[in-house]
1. Among (1) of a type outside the set (Val, Ile, Thr); (2) out of contact with any Gly (no Cβ under 9 Å at 6 or more places or on another chain); (3) away from the ligand (no atom under 16 Å from the Cβ), there is one condition residue 127 misses while meeting the rest; what is its number?
2. Is it fair to say residue 8 is exposed (fewer than 14 other Cβ atoms within 10 Å of the Cβ) and touching a residue at least 24 places away in the same chain (Cβ under 8 Å)?
3. Using the structure shown, decide if residue 230 is more than 16 Å from the ligand (Cβ to nearest atom), under 22 Å from residue 112 (Cβ atoms) and small (Gly, Ala, Ser).
4. Counting only residues that are in contact (Cβ under 8 Å) with a residue 40 or more places away in the chain and in a strand (DSSP E or B), which one in the stretch 168-210 is farthest from the ligand (Cβ to nearest atom)?
5. Mind checking whether some residue in the stretch 144-153 is of a type in the set (S, T, N, Q), part of a loop (DSSP other than H, G, I, E, B), within 16 Å of the ligand (Cβ to nearest atom) and assigned by TED's automatic domain parsing to the domain that holds residue 217?
6. Among the listed residues 55, 47, 26, 37, identify the single one that is under 19 Å from residue 261 (Cα atoms) and not basic (Lys, Arg).
7. Let me spell it out: the conditions are (1) away from the ligand (no atom under 15 Å from the Cβ); (2) part of a loop (DSSP other than H, G, I, E, B); (3) modelled with pLDDT of 95 or more, and residue 215 meets all of them except one. Which number is the exception?
8. Any residue in the stretch 247-267 that's without any contact (Cβ under 8 Å) to a residue 24 or more places away in the chain and at negative phi: show its pairings with residues that are among the charged types (D, E, K, R) and loosely packed, with under 13 Cβ neighbours inside 10 Å at Cβ separation under 8 Å, as long as the two are six or more apart or on different chains.
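The values are calculated or read from the model by the stated rules, or taken from the named source; none is laboratory data. Predicted model, so just to flag it, every value in this text is computed and none were measured. Here Cβ is always computed from backbone atoms with ideal geometry, including for glycine, and neighbour counts include all displayed protein chains.
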Amino acid sequence: MDLYTVIGNPVEHSRSPWMQARFAELAGQHIKYDRTLAPLDGFGQTLTALAAAGLKGANVTVPFKEEAFALADGLTARARQAGAVNTLIRRADGTWLGDNTDGVGLVADLLRLGADPKGKRVLVLGAGGASRGILGPLLERQPARLILANRTFDKARRLAEQFPIQASSYAGLAGQHFDLVINATSSSLHDEVPAVPADAMMGASLAYDLVYRKGGTAFEHWARAQGAKASADGLGMLVAQGAESFYQWRGVRPDWQQVLAEMKESL
Ligand code: ATR
């Protein structure tokens with residue numbers, strides 16, 4: 001049976017083994033998908049050992065996405081744009097192709113929610129790795145404009161040098177309105193909310209948080225209180241990025257919306 005795994009540290013909390021096993025069941029594919037705790041200074045060694053054991057592919061999670069990017073023998077265009085690899089694909093010659101499915105996962109979930117960025121005014125909050133991973137696929141949908149705002153303006157400005165987007169400080173958003181607001185900061189992990197002027201949320205069709213939490217994230221609650229019409233957390237993106245990894249390994253698209261429904265129930 002073909003062997004896959006998710007590599008991270010910590011990794012016990014990862015839902016990928018359950019999710020990938022369900023994708024395989026629904027798609028009638030026979031795979032074995034594990035979870036691998038790599039030492040913080042031992043990602044490369046861990047990958048080498050797994051490769052020797054016949055590993056066909058891996059998901060890479062915190063904190064190894066940049067290291068996987070550096071180690072991969074080849075990179076897809078979207079991994080290069082993201083500067084990080086969340087999916088490793090074993091090629092026929094045994095080398096590793098690095099891919100990044102986070103951004104396409106987000107776009108797939110936005111489409112599921114009826115929030116296609118095409119022709120829309122889009123605001124992305126945050127300028128860390130999460131933002132870098134989603135900008136390329138968001139821009140491919142051709143939004144009318146894309147503004148990237150960050151608490152530390154300089155980081156937004158630097159990211160805006162690599163993508164055709166406009167950088168802003170949080171204060172600079174006053175008086176501006178958006179159709180879609182995406183929170184790619186880690187603020188919700190600490191139950192905090194970015195100090196963004198309320199105008200930016202007012203009337204938005206959707207406020208989307210990359211973080212997920214049962215009962216909704218701090219950002220979701222706050223955005224709706226400021227006048228966003230709807231909100232969603234990142235659970236759908238998590239499932240959709242996993243489904244894209246599965247597709248890259250197996251060439252079959254699993255029924256990820258079914259798996260998302262099951263995951264919501266089990267949470
Ligand atoms: P990564 O490891 O993904 O690159 P990071 O550099 O820690 O992550 O960045 C996380 C993002 O969340 C940053 O944009 C950070 O803003 P700063 O660049 O100003 O630090 C943002 N962030 C985290 N907590 C936040 C909060 N409470 N309010 C606003 N932004 C926050």
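1. With respect to (1) of a type outside the set (Val, Ile, Thr); (2) out of contact with any Gly (no Cβ under 9 Å at 6 or more places or on another chain); (3) away from the ligand (no atom under 16 Å from the Cβ), residue 127 is out only on (3).
2. On the way: exposed (fewer than 14 other Cβ atoms within 10 Å of the Cβ): no; touching a residue at least 24 places away in the same chain (Cβ under 8 Å): yes.
For residue 8, the condition - exposed (fewer than 14 other Cβ atoms within 10 Å of the Cβ) and touching a residue at least 24 places away in the same chain (Cβ under 8 Å) - is not met.
3. Values: more than 16 Å from the ligand (Cβ to nearest atom): yes; under 22 Å from residue 112 (Cβ atoms): yes; small (Gly, Ala, Ser): yes.
Answer is yes for this residue.
4. 206
5. To start, the set of residues in the stretch 144-153 that are of a type in the set (S, T, N, Q) comprises 150, 152.
Cutting the leftovers down to part of a loop (DSSP other than H, G, I, E, B) gives us 150, 152.
Narrowing the set further to residues that are within 16 Å of the ligand (Cβ to nearest atom) leaves 150, 152.
Now restrict to residues that are assigned by TED's automatic domain parsing to the domain that holds residue 217: 150, 152.
Looking through the stretch 144-153, at least one residue is of a type in the set (S, T, N, Q), part of a loop (DSSP other than H, G, I, E, B), within 16 Å of the ligand (Cβ to nearest atom) and assigned by TED's automatic domain parsing to the domain that holds residue 217.
6. Working: 55 fails: under 19 Å from residue 261 (Cα atoms); 47 fails: under 19 Å from residue 261 (Cα atoms); 37 fails: under 19 Å from residue 261 (Cα atoms).
Just a single option satisfies the conditions, and that option is 26.
7. Of (1) away from the ligand (no atom under 15 Å from the Cβ); (2) part of a loop (DSSP other than H, G, I, E, B); (3) modelled with pLDDT of 95 or more, only one is false for residue 215: (3).
8. Correct list of pairs: 247/253.
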